[in-house]
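The structure appears right after this line, and notes come after that.
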C-alpha cells in the first residue's frame, strides 16, 4: 500500500503540469479572437505550449514520470474516447460518393507517403508515423500507430511537429484555394474533411470557407477516423508477420485502446435508440477533450524543437508532399464523382 502511495506521488508533479497546460489551452481557445481569427483549437494550442516549455525549460526529473503517464496511457484512453464522436447513421447520410472520396484518398495517401519516405531514406518507422498521421487524424493517429511501430522518441516528435505545421497552414490556405476554384459548400466540406489532419483543423478550415460546410467536413473527417483501427491493426499484423520471418520482437497485435474505440463507436451509433441523453454524450466528449489535451501536453513537453532542427528538412518536405498528394487526390475524386 505504501509503495502504491509513493508511486502515485511520483506521477503527481508531471500530471499536474500537463493538466495546467491543458486547462490553459482550453481557456485560451475559448477567447473569441483566438477562436474566430487565429482559429486555434485547444489541441493545437496545447501542443505548441508544451513544445515551447519543453524546448525552453530543461524539465526536472520530478515531472518525468507524470509527463510519460500523460503521453501514453492517458492519451490512449483519450484516443479510445474518440469513438464517441463516430455515428454510423451520420456516415451513411453523406452518401456513397463522398465516402468513396475519403476511402480512396486516405488509403492512397498513406501508401504514397510510406513509399516516398522510404524511397528518400527517411527510415521505415518515421515513414509509417508520417503516413498514418497525415492520412488519418494527425497526432492521435501518430500515437496509435506508435503503439505498434515503437519508433524512437525523436521520430514521433518529428512526425507530430510536421503534421501540426502543415495542418495549420492548410487551415488558412484551403478556403482561399476553394474560393478560387468556385467550390460549393458541400464539395468543400468533403475536400476539407478528407484533407486536413486534426478534427480541430477540419472545423477551423471549414469555418474559414462557410458555416454550411462545417457539418459536412466534420462527418467526412469522422469517416477518416474510422480507418484508424483497421490501419493500426494491419500495421501490427504486418510487423508481427515480418518479425516472425526475421526474428524481430513481436508487437501488440490488438491495442486495447483501439478495441475500446470500436466499442464506444458502436455504442454511440445506437445511443439515440437507447434513449441516452444528448447532454450526457456532450459531457463525455468534453472529458475526452480534456484527456486529449492532457495527453497532448505530455507529447508537447517531450517534443523539443531542437530535435526537429536536427532532423532536417526531409520530414518537413515529406509531410508537405503527402498533404499535397492527399489534397489533389481528394479534389480530383470529388470532381470525377461529382460530389
Residue span residue 270 to residue 179: 0.36 nm per residue of separation minus Cα-Cα distance leaves a gain in nm of 29.0 nm
Highest mean packing first, using Cβ neighbours within 10 angstrom, the peptides 202-208, 145-151 sort as 202-208, 145-151
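Provide the packing ranking of 159-165, 175-181, i.e. peptides ordered by the mean count of other C-beta atoms within 10 Å per residue, highest first.
Numbers: 159-165: 25.3, 175-181: 14.9.
Put in order of decreasing packing, that is 159-165, 175-181.
For segment 29-99, compute Rh as the Kirkwood radius over C-alpha pairs and then the Stokes-Einstein diffusion coefficient at 10 °C and 1.306 mPa s; write the answer in µm²/s, rounded to an integer. Don't skip to the end; give the middle numbers.
On the way: Rh = 15.6 Å.
Rounded to a whole number, D works out at 102 µm²/s.
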Rg/Rh of the chain (Cα atoms, Kirkwood Rh), to two decimals, equals 0.96
Volume per residue (Å³) of the convex hull spanned by the alpha carbons of segment 43-177 is 145
Ranked output for segments 270-282, 78-90 by mean other Cβ atoms within 10 Å, highest leading, reads 78-90, 270-282
Calculated from DSSP helices alone, with each H run of at least 4 adding -39500 (n - 2.57) and the total divided by the residues of the chain, [θ]222 nm to the nearest 500 comes to -25000 deg cm²/dmol
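No value in this document is a laboratory result; all are computed from the given coordinates. Keep in mind that what you see is a predicted model, and the values were worked out from it rather than measured. A quick note on method: Cβ atoms are made from the backbone with ideal geometry, for glycine too, and the neighbour counts reach across all protein chains shown.
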